[in-house]
Amino acid sequence: MRGDILSDMITERVRRWPPIAWPLALMLAAALAAHAQPKLPKSPRVYVFDCGTIHAMSVETYGFKLGEVPMRDFIVPCYLITHPKGTLMWDVGVVADSRIPSGGAPFTQGISTVRQGLKPQLAAVGFTPADIKYLSLSHYHSDHTANANDFAASTWLVRQAERDAMFAEKPAGIIQQASFSALKNSKTIILKDDEYDVFGDGKVIIKSAPGHTPGHTVLYLKLKKSGPILVAGDLYHFPEERTMNRFPTFEFNKEQSAASRAMIDAFLKKTGAQLWIEHDLATFEKLKKAPEFYE
């Protein structure tokens with residue numbers, strides 16, 4: 001039962017109790033109301049959060065020659081999707097909220113800087129990690145998993161190959177197992193098909209796009225007002241990767257990545273979806289940020 005409904009019931013019954021018992025009962029009602037589930041929208045929405053910046057790295061890491069493209073910072077976004085049937089958190093940042101000093105952000109860890117933690121941004125739009133029904137990560141690299149443990153009570157949506165790589169005895173790649181270790185015991189749905197319809201109505205779909213990691217995925221959103229959007233994970237980092245056909249040097253499987261890119265390009269043409277390259281700062285700067293949303 002929702003906390004606000006139960007709170008109203010308690011408040012009504014308090015009137016029948018002896019006056020000496022009213023303060024305690026009313027405190028209980030207020031506490032239950034405070035923990036009420038947020039109201040969900042009538043149609044899907046997506047909130048875009050700023051989860052940090054990765055300071056400019058060598059373009060050679062991404063398959064370019066020096067001078068071919070300018071060096072630039074990478075943005076690290078996180079996304080909350082709210083739907084009439086529940087919520088989905090997609091990617092959870094590069095620096096854990098728990099690492100940010102009590103004085104708050106900005107806070108720099110290595111080559112990454114966060115201006116605000118993820119949980120305060122969630123709270124600003126009325127949610128806590130406890131309100132999130134589903135968690136899904138585009139992939140296991142550490143700049144996408146920092147706050148994953150905070151969502152261990154959510155149902156984790158993941159492909160088997162990705163989960164196996166995450167919990168391998170000797171994991172490879174840019175990975176911090178401690179950031180997602182709690183997911184090992186989370187309720188989990190293994191995604192077996194190329195597309196997984198999260199809420200069963202074709203509005204929020206996780207698509208397989210392996211190559212960058214063994215079980216890399218992208219997110220397709222079909223919004224009522226904003227139209228179709230594809231959140232690309234790390235299928236691309238630079239827009240120039242699309243036009244110049246370049247790949248990062250640390251791909252799990254370059255051939256798989258090439259096939260996934262071809263598949264997604266065809267999907268974009270078919271659906272007319274906007275492409276959101278997650279790390280591209282120019283793309284991010286054009287987007288509405290939470291508490292604004294797309295719907």
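Conditions tested, residue by residue: (1) in a helix (DSSP H, G or I); (2) in the same structural domain as Ala130 (by TED's automatic domain parsing); (3) surrounded by fewer than 16 Cβ atoms within 10 Å (Cβ to Cβ); (4) at positive phi.
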{"residue": "Glu162", "(1), (2), (3), (4)": "yes, yes, no, no"}
{"residue": "Pro171", "(1), (2), (3), (4)": "no, yes, yes, no"}
{"residue": "Ile175", "(1), (2), (3), (4)": "no, yes, no, no"}
{"residue": "Leu183", "(1), (2), (3), (4)": "yes, yes, no, no"}
{"residue": "Lys192", "(1), (2), (3), (4)": "no, yes, yes, no"}
{"residue": "Phe199", "(1), (2), (3), (4)": "no, yes, no, no"}
{"residue": "Gly202", "(1), (2), (3), (4)": "no, yes, yes, yes"}
{"residue": "Ile205", "(1), (2), (3), (4)": "no, yes, no, no"}
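Quick check on the stretch 145-159. Is at least one of its residues β-branched (Val, Ile, Thr), surrounded by 14 or more Cβ atoms within 10 Å (Cβ to Cβ) and not in a loop (DSSP other than H, G, I, E, B)?
yes
Could you check how many residues of the stretch 271-287 are of a type in the set (D, E, K, R) and either outside the structural domain of Glu240 (by TED's automatic domain parsing) or assigned to a helix (DSSP H, G or I) (or both)?
Residues in the stretch 271-287 being of a type in the set (D, E, K, R) and either outside the structural domain of Glu240 (by TED's automatic domain parsing) or assigned to a helix (DSSP H, G or I) (or both): 2 in total.
Here's a check for you: in the stretch 44-95, which residue that is touching an Asp or Glu at 6+ places or on another chain (Cβ under 6 Å) and outside any strand (DSSP E or B) is nearest to Gln176 (Cα to Cα)?
Val94
Please specify each residue of the stretch 207-255 satisfying the condition of being outside any loop (DSSP other than H, G, I, E, B), hydrophobic (A, V, I, L, M, F, W, C) and without any contact (Cβ under 8 Å) to a residue 60 or more places away in the chain.
Leu230 - this is the single residue of the stretch 207-255 that is outside any loop (DSSP other than H, G, I, E, B), hydrophobic (A, V, I, L, M, F, W, C) and without any contact (Cβ under 8 Å) to a residue 60 or more places away in the chain.
Can you name every residue in the stretch 147-200 that is small (Gly, Ala, Ser) and closer than 22 Å to Lys85 by Cβ?
Of everything in the stretch 147-200, those that are small (Gly, Ala, Ser) and closer than 22 Å to Lys85 by Cβ turn out to be Ala152, Ala153, Ser154, Ser186, Gly200.
If you check Arg261 against the conditions, is it touching a Lys or Arg at 6+ places or on another chain (Cβ under 8 Å) and farther than 18 Å from Thr217 by Cβ?
Against the criterion (touching a Lys or Arg at 6+ places or on another chain (Cβ under 8 Å) and farther than 18 Å from Thr217 by Cβ), Arg261 does not qualify.
Of all residues in the stretch 88-123, which are of a type in the set (S, T, N, Q) and surrounded by 22 or more Cβ atoms within 10 Å (Cβ to Cβ)?
Residue satisfying the conditions is Gln121 alone.
All but one of (1) surrounded by fewer than 19 Cβ atoms within 10 Å (Cβ to Cβ); (2) at negative phi hold for Gly126, so report the exception by its number.
(2)
With respect to Ala161, is the statement that it is touching a Gly at 6+ places or on another chain (Cβ under 7 Å) and either among the aromatic types (Phe, Trp, Tyr) or modelled with pLDDT under 95 (or both) true? Spell out how you get there, then give the answer.
Values: touching a Gly at 6+ places or on another chain (Cβ under 7 Å): yes; either among the aromatic types (Phe, Trp, Tyr) or modelled with pLDDT under 95 (or both): no.
Answer is no for this residue.
Tell me whether the stretch 217-232 contains one or more residues that are within 24 Å of Cys51 (Cβ to Cβ) and of a type in the set (Phe, Trp, Tyr).
Yes, there is a match, as at least one residue in the stretch 217-232 is within 24 Å of Cys51 (Cβ to Cβ) and of a type in the set (Phe, Trp, Tyr).
Does Glu285 satisfy the criteria of being surrounded by fewer than 18 Cβ atoms within 10 Å (Cβ to Cβ) and among the charged types (D, E, K, R)?
yes
The values are calculated or read from the model by the stated rules, or taken from the named source; none is laboratory data. Bear in mind that the values here come from a model prediction, so they are computed numbers and not experimental data. Every residue, glycine as well, gets a Cβ built from its backbone with ideal geometry; the counts of neighbours run over all protein chains shown.
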